[in-house]
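Engineer: The following block contains the structure, expressed as structure tokens.
The values are calculated or read from the model by the stated rules, or taken from the named source; none is laboratory data. Bear in mind that the values here come from a model prediction, so they are computed numbers and not experimental data. In this analysis, Cβ positions are derived from the backbone assuming ideal geometry, glycine residues included, and neighbour counts consider all displayed protein chains.
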Amino acid sequence: MLVGLIGKPNAGKSTFFNAATMLSAKVANYPFTTIEPNVGIAWVATNCVCRELGIKDNPVNSRCEDGIRYIPVKLVDLPGLIPGAHKGEGLGNQFLDSVMRADALIHVIDASGYTDEEGRALENPSHDPLQDVEFIENEVDLWIAGIIMKDMQKINRSVKMDEVIGIIAPRLSGLGVDSVTIKAILLDDPVISKLKYSEWDDKTVLEFSKKVRVRSKPILIAANKADIQSSDENIKKLIQSGRTVIPVSAEAELLLRKAAKSGLLKYRPGEDKFEIVGNLTEAQKGALEFVNRILKKYGSTGIQQVINYVYFTLLDMIVVYPVEDENKFSDKKGNVLPDAHLIKRGSTTRDLAFIIHTDLGEGFLYAVDARTKMKLSAEHQLKNNDIIKIASAAKRG
């Protein structure tokens, strides 16, 4: 699964990205700092089953710290977006092409109101961040509509709904939208579903495009710069709009992670506290006082909460631990609970086998629940925190 960071220039996307991945994406106070997408690894955090089992694990594909399993996920910081992007203005085409490859989106906004719609700094917090949210949604909707409308005049417009699906599906396949999704969207709308293609006007296409965007590209709003006082009312307004919003201070999270990396303090992402273990300068103490105020106000800096929400709620994923020895909960090298995989809820044991290795999936015989030692069929649906052994005819080195 791929998650993209979107938003207007100068909203703090690169700072968010750096804080989440500890990579050094370029950060500056001017539009178009991000020209090419930055790709990095962030971490989903979840309670590890090692505590439940009372055993010491030694992860291979992830890491475990004090009973918290951190699972790597891919995060992409996309170029900033300005009005007219769906027409190719600014970096519009590049941005929207990248957006459509993502499975979910984190919309990082400047909740303080100190930047205008194009990301230029303002002297006063006069800009309404809700406009930024609506703008992004509208640009993506218009871009999808443009794909649907392309060469429409060449099509026999007397076709009915089932034929409409056949027309639209190939056009939207590059967005990860299949005919099943399109049919579900049409059936959910009693008005559009009864129309012939000849009756689709611009309004109909735009309404349908919005439904496609909502279904295929779920968006979470990261209300960045929540540490600035003017953000308080704006965050309330965003929540009242019915959208899912998490207050964030990317700057505070980046400061904490850098300090922890330097050995000045102990800090676990997502927590509401940290422990000072090194000698700090007065400037560093002052910076940490600022961070403490944020942690007390919101319970965290919001970064880890955003990552977790996207994967566990928007993408509806669960964690499964594959093992080769169901008695020792280990792989063949003796690593205990070596891997933790994020998979879509509703996935089966055979799906897990293919995720681990194609050969395992093709040679699948049965699975074993390592807790109960019961055999499971290929179609058995997995649950969160399952520990599973795959028995396969395939021989892996």
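Engineer: Give 162, 141, 128, 132 a once-over and let me know the one that is among the charged types (D, E, K, R) and modelled with pLDDT under 75.
Structural biologist: On the way: 141 fails: modelled with pLDDT under 75; 128 fails: modelled with pLDDT under 75; 132 fails: modelled with pLDDT under 75.
Result: 162 is the single residue among 162, 141, 128, 132 that is among the charged types (D, E, K, R) and modelled with pLDDT under 75.
Engineer: Within the stretch 289-321, track down each residue that is of a type in the set (Val, Ile, Thr) and in a helix (DSSP H, G or I). Walk me through it before giving the result.
Structural biologist: To start, the set of residues in the stretch 289-321 that are of a type in the set (Val, Ile, Thr) comprises 291, 294, 301, 303, 306-307, 310, 313, 318-320.
Within the stretch 289-321, 291, 294, 303, 306, 307, 310, 313 qualify.
Engineer: Quick one: in the stretch 364-397, of everything that is touching a strand residue (DSSP E or B) at 6+ places or on another chain (Cβ under 7 Å) and modelled with pLDDT under 95, which residue is surrounded by the fewest Cβ atoms within 10 Å (Cβ to Cβ)?
Structural biologist: 393
Engineer: Name every residue in the stretch 309-334 that is polar (S, T, N, Q) and crowded, with 17+ Cβ neighbours inside 10 Å, in order of residue number. Write out each step before concluding.
Structural biologist: Going through the stretch 309-334, the residues polar (S, T, N, Q) turn out to be 313, 327, 330.
Of everything in the stretch 309-334, just one residue is polar (S, T, N, Q) and crowded, with 17+ Cβ neighbours inside 10 Å, namely 330.
Engineer: Still on this structure, please answer the following. Give me a count of the residues in the stretch 333-355 that are under 20 Å from residue 64 (Cα atoms) and not in a strand (DSSP E or B). Please lay out each step first, then the result.
Structural biologist: If we filter the stretch 333-355 for residues that are under 20 Å from residue 64 (Cα atoms), which is where we start, we get 333-343.
Checking the rest, the ones that are also not in a strand (DSSP E or B) come to 333-335, 337-340.
The number of residues fulfilling the criteria is 7.
Engineer: From the list 318, 343, 355, pick out the single residue that is β-branched (Val, Ile, Thr) and in contact (Cβ under 8 Å) with a residue 40 or more places away in the chain. It would help to see each step written out before you state the result.
Structural biologist: Working: 343 fails: in contact (Cβ under 8 Å) with a residue 40 or more places away in the chain; 355 fails: in contact (Cβ under 8 Å) with a residue 40 or more places away in the chain.
On inspection, the qualifying residue turns out to be 318.
Engineer: Select, from 289, 233, 324, 271, the only residue that is out of contact with any Leu (no Cβ under 7 Å at 6 or more places or on another chain), free of Cβ contacts under 8 Å to residues at least 60 places away in the same chain, within 23 Å of residue 384 (Cα to Cα) and among the acidic types (Asp, Glu).
Structural biologist: On the way: 289 fails: within 23 Å of residue 384 (Cα to Cα); 233 fails: within 23 Å of residue 384 (Cα to Cα); 324 fails: free of Cβ contacts under 8 Å to residues at least 60 places away in the same chain.
Result: 271 is the single residue among 289, 233, 324, 271 that is out of contact with any Leu (no Cβ under 7 Å at 6 or more places or on another chain), free of Cβ contacts under 8 Å to residues at least 60 places away in the same chain, within 23 Å of residue 384 (Cα to Cα) and among the acidic types (Asp, Glu).
Engineer: Residues of the stretch 322-332 being within 18 Å of residue 361 (Cα to Cα) and assigned to a loop (DSSP other than H, G, I, E, B), which ones?
Structural biologist: Within the stretch 322-332, 324, 331 qualify.
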